[in-house]
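Before any comments, here is the structure.
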Number of protein chains: 2
Amino acid sequence: MKSCGDRQPRAEILSIGTELLLGQILDTNSQYLTRALAGIGVDCLWHTTVGDNKSRIEDCLRIALERADVILTTGGLGPTADDLTRECLAEFFSVPLLFDQSVATAIAERFAQRQIAMPESNRKQALCPHGACLIPNSCGTAPGIIWKVETELLEQASISQAQGPRYLITFPGVPTEMIAMWQESAKEFLVDTFGRAAIWSCDLKHYGISESALAEMYAQLLGLSNPTVAPLAGGGECRLRVTAKAESIDEAKTIASPVIDQIRKKSGYLCYGCDDDTLEAVVGALLTNKSLTLAVAESCTGGLVSKRLTDIPGSSLYIKLNVVTYADLAKEKILGVSPDILVNCGTVSSDCAQAMAYGIAKLAGSDIGLSITGIAGPGGGSASKPVGLVYVALFAEHFQRVQELCLPPDLPRCEIRQRTANAALNMVRLCLLDDSGVATNG
Amino acid sequence: MKSCGDRQPRAEILSIGTELLLGQILDTNSQYLTRALAGIGVDCLWHTTVGDNKSRIEDCLRIALERADVILTTGGLGPTADDLTRECLAEFFSVPLLFDQSVATAIAERFAQRQIAMPESNRKQALCPHGACLIPNSCGTAPGIIWKVETELLEQASISQAQGPRYLITFPGVPTEMIAMWQESAKEFLVDTFGRAAIWSCDLKHYGISESALAEMYAQLLGLSNPTVAPLAGGGECRLRVTAKAESIDEAKTIASPVIDQIRKKSGYLCYGCDDDTLEAVVGALLTNKSLTLAVAESCTGGLVSKRLTDIPGSSLYIKLNVVTYADLAKEKILGVSPDILVNCGTVSSDCAQAMAYGIAKLAGSDIGLSITGIAGPGGGSASKPVGLVYVALFAEHFQRVQELCLPPDLPRCEIRQRTANAALNMVRLCLLDDSGVATNG
């Protein structure tokens with residue numbers, strides 16, 4: 001990869017649009033472009049969002065030009081008065097906006113195809129700052145701009161020239177138009193300018209260990225420079241991200257791969273998958289591979305585990321029947337939990353959970369029965385059985401387990417339910433990974 | 001609203017985290033916070049994203065402090081070495097980080113509740129820059145920081161003091177933790193500092209009408225200037241947002257109120273609630289008020305309706321039993337659907353849905369039985385029964401209904417399931433609103 005002065009090129013994404021600052025639109029463009037830049041080895045170090053205000057746009061442009069080599073803007077290319085990107089660029093570098101007749105004709109044709117007369121305001125979209133190039137928009141009327149800004153213009157605008165020319169690319173704010181323009185013009189331009197390189201990363205998803213414990217376990221790896229290794233947490237789960245840089249994606253994967261193997265080996269059952277893997281998908285794949293079936297009896301999770309298991313296409317192959325038994329009578333009548341247990345131990349108890357797991361497996365005729373009973377709150381807790389107390393149990397012919405969870409009682413109900421579901425799905429996973437466990441059918 | 005110097009307070013959101021710059025995480029926090037700021041009348045004029053790099057974080061902090069009065073940061077409060085927010089703030093203003101024993105104790109207790117020893121690295125989360133305050137995190141270990149930075153500190157850091165003190169608030173990057181912290185501490189602090197919000201809005205949530213039909217129905221109101229009325233759509237539902245501006249929230253409500261009343265009256269049953277109301281919460285409130293119980297038998301939604309109904313605290317009062325019967329045998333054995341129906345009409349049929357609704361009501365002994373059977377895809381469709389074909393049925397003593405849904409087969413599985421669940425919950429709502437319908441118990 002070619003360098004910029006004495007270092008790798010640095011990019012900034014500048015999103016322009018008051019609607020973003022009002023929160024009316026979620027900015028997905030920055031995520032797309034930042035990933036796309038990583039894919040060709042350009043480090044994106046900043047995202048900035050600014051509204052449709054000329055002086056603030058120009059201030060942000062100055063900051064971006066001072067610190068970045070490549071600036072990608074999105075938004076502000078439309079035909080209306082609050083679309084200011086073109087004007088701001090021309091004003092900033094004190095160059096005229098030139099009218100491009102061939103682009104105007106192309107825009108008019110697009111309207112003609114839809115049998116609509118082109119509004120006069122759209123002519124503005126054929127304007128281009130002197131020295132820049134318009135790039136086509138295959139999905140809309142607004143062309144983009146690619147501009148290699150040479151050092152003379154930078155000097156004139158009082159921008160430091162030490163790092164060499166800057167590369168400005170403007171995209172429309174509509175995601176489909178932006179994506180098409182990246183794929184059809186901008187990507188190639190940047191690859192031609194800087195050469196190809198690649199950043200590749202992989203998230204190793206862990207369950208059953210805290211972020212800080214994971215960081216301690218892998219303290220030595222956290223100091224690596226290529227690949228880098230970083231812990232991330234959220235929702236009672238945590239991940240180790242391994243990121244490698246190289247001339248190509250394949251080479252980056254090769255650099256990352258020994259570290260990934262090392263982590264997978266050391267983490268063992270703590271690591272359940274990578275990237276978009278979910279506990280329910282991993283459980284589903286294991287059930288499918290082993291030709292086993294699962295049935296679930298839930299109380300406090302109220303159908304969440306069932307919902308997550310059946311989020312996976314094809315789950316009807318291994319899920320035949322799940323039940324949500326809130327009421328004691330339902331636990332007794334449907335699952336056959338003995339009244340003794342309900343009276344003496346209570347519904348939120350290890351005994352009740354085990355009886356539910358056994359009961360659902362028998363009722364459904366499934367290889368594995370999973371059960372959950374607990375108090376998701378905010379009401380229903382007591383001193384001896386507080387909110388957050390949950391029992392998860394699993395019954396299979398050769399594998400039985402029960403686990404008590406004491407989740408923080410001040411967690412929101414949804415979080416208690418989600419974490420409980422994670423623990424339950426993980427219990428099924430561990431059961432399926434246990435070689436001494438359930439026999440494989442078929 | 002109090003002003004900042006000679007104008008309204010201006011805010012900037014600074015998102016900190018390399019994962020955002022790699023595009024591995026979509027930044028939804030900025031949208032939440034920018035909306036939340038608008039809700040209390042603070043203009044957010046910039047969003048900036050920067051990675052876990054000390055010098056770049058401090059550079060961004062300087063830019064933000066120069067142009068904004070209020071700076072909200074997200075991310076970088078975790079226990080690991082790449083969590084730099086606290087250190088950067090302290091370094092930037094050259095103040096020491098002080099250890100807060102009571103906060104450390106609270107963090108340790110959170111670990112103790114989960115029966116895990118607190119890793120040493122989490123002690124770092126009890127550090128607070130001298131002069132700032134820690135604010136509690138009800139959903140996680142990382143406390144936030146609220147800091148009124150007085151002009152002496154600004155001077156020392158060579159930041160312009162003309163606009164008066166700055167207000168720095170740090171949030172964790174995990175969305176649930178950030179949202180809880182905003183609602184429990186930060187919002188009140190900003191309202192106390194700058195006075196009450198002057199923008200108030202209310203979303204009137206509709207079901208059973210398209211966005212364009214709603215826009216036509218209320219064409220006259222869409223031209224209003226205060227309050228404004230705007231239609232919004234998403235996920236098969238749509239909303240009318242009524243937004244009023246005034247000197248105070250109460251005044252804004254007074255301005256909006258006649259228009260809201262007018263819409264509610266004209267929309268009738270089409271409008272099921274406002275703002276955070278959900279179909280499941282509305283159904284829950286109606287069931288509670290009428291002392292009625294509900295039981296659900298799901299097939300293609302796989303527990304989603306049950307999960308949504310039991311998201312509502314206190315739902316165990318009206319939900320006793322739900323079942324997910326994927327397999328034919330489960331439909332027959334548990335719900336008593338006759339083999340005739342399964343063979344002659346198929347499981348995805350009006351007859352089967354009705355038999356399931358009747359069966360679950362009888363099995364659970366509930367006042368209302370609700371059932372869903374259909375094809376969520378992506379597999380399982382045929383020419384006569386394509387993906388997206390769903391039947392929803394309801395059985396109550398004096399009210400029976402069945403509805404065929406033909407959802408677009410190219411919708412993702414999750415979307416087909418979500419829309420089906422909406423239709424099913426709405427059917428229960430209409431049943432409960434029907435005066436000729438189910439008798440009120442108790």
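Okay, here's what the table says:
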read-out	value
Residues of segment A:396-417 satisfying the condition of being out of contact with any Leu (no Cβ under 8 Å at 6 or more places or on another chain) and within 21 Å of residue A:361 (Cβ to Cβ)	A:396, A:397, A:398, A:399, A:403
Every pair of residues 6+ apart whose Cβ atoms lie under 6 Å, when the first sits in segment B:105-129 and is within 7 Å of another protein chain (Cβ to nearest Cβ) and within 23 Å of residue A:403 (Cβ to Cβ) while the second is assigned to a helix (DSSP H, G or I) and at pLDDT below 90	B:119/A:212
Residue ID - nearest to the other protein chains (Cβ to nearest Cβ), chosen from residues in segment A:33-42 that are crowded, with 23+ Cβ neighbours inside 10 Å and of a type outside the set (Gly, Ala, Ser)	A:34
Sole exception among (1) buried (at least 23 other Cβ atoms within 10 Å of the Cβ); (2) at pLDDT 90 or above for residue A:203, by number	(1)
Residue B:411 being within 27 Å of the chain's Cα centre (by Cα), more than 9 Å from every other protein chain (Cβ to nearest Cβ) and under 23 Å from residue A:311 (Cα atoms)	yes
Answer from A:132, A:180 - the residue that is in contact (Cβ under 8 Å) with a residue 12 or more places away in the chain and either under 29 Å from residue A:226 (Cα atoms) or surrounded by fewer than 21 Cβ atoms within 10 Å (Cβ to Cβ) (or both)	A:180
Unique match (being more than 20 Å from residue B:303 (Cα to Cα), in the same structural domain as residue A:367 (by TED's automatic domain parsing) and touching a residue at least 60 places away in the same chain (Cβ under 8 Å)) among A:270, A:286, A:304, A:294	A:286
Hits in segment B:212-232 - residues which are part of a strand (DSSP E or B) and surrounded by fewer than 19 Cβ atoms within 10 Å (Cβ to Cβ)	B:228, B:230, B:232
Selected residue (only one of B:291, B:267 is under 30 Å from residue B:221 (Cβ atoms), at pLDDT 95 or above and away from every other protein chain (no Cβ under 13 Å))	B:267
From A:223, A:195, residue being within 12 Å of chain B (Cβ to nearest Cβ), of a type outside the set (A, V, I, L, M, F, W, C), more than 30 Å from residue A:422 (Cα to Cα) and more than 23 Å from the chain's Cα centre (by Cα)	A:223
Any hit, segment A:401-410, residues being touching a helix residue (DSSP H, G or I) at 6+ places or on another chain (Cβ under 8 Å) and over 14 Å from residue B:114 (Cα atoms)	yes
Filter result for residue B:24 (part of a loop (DSSP other than H, G, I, E, B), within 13 Å of chain A (Cβ to nearest Cβ) and farther than 26 Å from residue B:150 by Cα)	yes
Tally, over segment B:368-382, of residues that are surrounded by fewer than 24 Cβ atoms within 10 Å (Cβ to Cβ), in contact (Cβ under 8 Å) with a residue 24 or more places away in the chain and in contact with a helix residue (DSSP H, G or I) (Cβ under 9 Å, 6 or more places away or on another chain)	3
Residue A:30, sole failed condition from (1) facing another protein chain (nearest Cβ under 8 Å); (2) surrounded by fewer than 24 Cβ atoms within 10 Å (Cβ to Cβ); (3) outside any loop (DSSP other than H, G, I, E, B)	(2)
Leading residue by the ranking (nearest to the other protein chains (Cβ to nearest Cβ)) among those in segment A:326-346 that are surrounded by 22 or more Cβ atoms within 10 Å (Cβ to Cβ) and at pLDDT 95 or above	A:335
Qualifying residue in segment B:55-67 (condition: in a loop (DSSP other than H, G, I, E, B), out of contact with any strand residue (DSSP E or B) (no Cβ under 6 Å at 6 or more places or on another chain) and of a type outside the set (Ser, Thr, Tyr))	no
Residue match in segment B:202-209 (condition: touching a Gly at 6+ places or on another chain (Cβ under 7 Å) and not acidic (Asp, Glu))	yes
Segment A:209-250: number of residues that are free of Cβ contacts under 8 Å to residues at least 24 places away in the same chain, hydroxyl-bearing (Ser, Thr, Tyr) and closer than 18 Å to residue A:265 by Cβ	0
Residue identified as in the same structural domain as residue A:143 (by TED's automatic domain parsing), among the small types (Gly, Ala, Ser) and assigned to a helix (DSSP H, G or I) among A:112, A:81	A:112
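Yes/no matrix, rows are residues, columns are (1) under 29 Å from the mean Cα position of the chain (by Cα); (2) more than 19 Å from residue A:164 (Cα to Cα); (3) buried (at least 18 other Cβ atoms within 10 Å of the Cβ):
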residue: A:48; (1), (2), (3): yes, yes, yes
residue: A:52; (1), (2), (3): yes, yes, yes
residue: A:55; (1), (2), (3): no, yes, no
residue: A:61; (1), (2), (3): yes, no, yes
residue: A:69; (1), (2), (3): yes, no, yes
residue: A:80; (1), (2), (3): no, yes, no
residue: A:90; (1), (2), (3): no, yes, yes
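The values are calculated or read from the model by the stated rules, or taken from the named source; none is laboratory data. Quick caveat, the model's predicted, so the values are computed rather than measured. Note that each Cβ is placed from the backbone with ideal geometry, even for glycine, and that neighbours are counted across all protein chains shown.
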